[in-house]
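Q: Submitted below is the structure of interest, expressed as structure tokens.
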Amino acid sequence: MILALTLIACGNGGGTDTSDTAHDHFDASTFFGDSCAGCHNADGSGGVDIGGTPSADLTTRVAAMTDDEIAAVLTDGKGNMPAQLSTDDEVEHMIEYLRETFP
Ligand code: HEC
């Protein structure tokens, strides 16, 4: 079991009150580790069997998709991937994080 965590410290200290309004305190890196990594692996390599469908390899898919396409997957889900995010702000931050992490 290798946890190849690529935690990029933002240096902003993060928010302590996550129950506050989502904007400004949404930490895409933490969210990725908590929610996306379980299906896509911490390094984004994917290939995890999710109900018979392999999760996408983010290291290649992200670069091949437009922001709109990624946003649609994040808010609507796709196939066996359930919707993950609901607000534009969260989606924006997550796309930014994905673009930086999987260029
Ligand atoms: C329950 C497991 C699961 C979780 C959680 C999950 N995904 Fe997925 N994801 C999948 C599966 C399965 C696919 C393949 C869907 C398909 O093509 O049918 C996928 C596909 C994708 C794709 C490619 C879609 C395409 O059109 O090729 C992206 C990008 C993606 N996921 C990003 C994320 C991000 C970012 C998160 C966290 C916010 C996340 N996923 C959370 C299972 C998951």
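Q: Would segment 28-101 count as rounded, prolate or oblate if I go by the C-alpha gyration tensor, calling it rounded below 1.5 in a/c and otherwise prolate when a/b exceeds b/c, oblate otherwise?
A: Note, shape of segment 28-101 comes out rounded.
Q: Now for a separate question. What full-extension length gain, to one decimal in nm, is calculated for residue 88 and residue 25 as 0.36 nm per residue of separation minus the Cα-Cα distance?
A: Separation in residues times 0.36 nm, less the Cα-Cα distance, equals 21.3 nm.
Q: Once you have the Cα-Cα distance between residue 76 and residue 45, take 0.36 nm times their residue separation minus that, and quote the gain in nm to one decimal. The partial results should precede the final answer.
A: Numbers: separation 31, 0.36 × 31 = 11.16 nm, distance 2.15 nm.
Taking residue 76 through residue 45 to full extension adds about 9.0 nm, to one decimal.
Each value in this text was obtained by applying a stated rule to the coordinates, not by laboratory testing. Note that this is a predicted model, so its numbers are computed, not measured.
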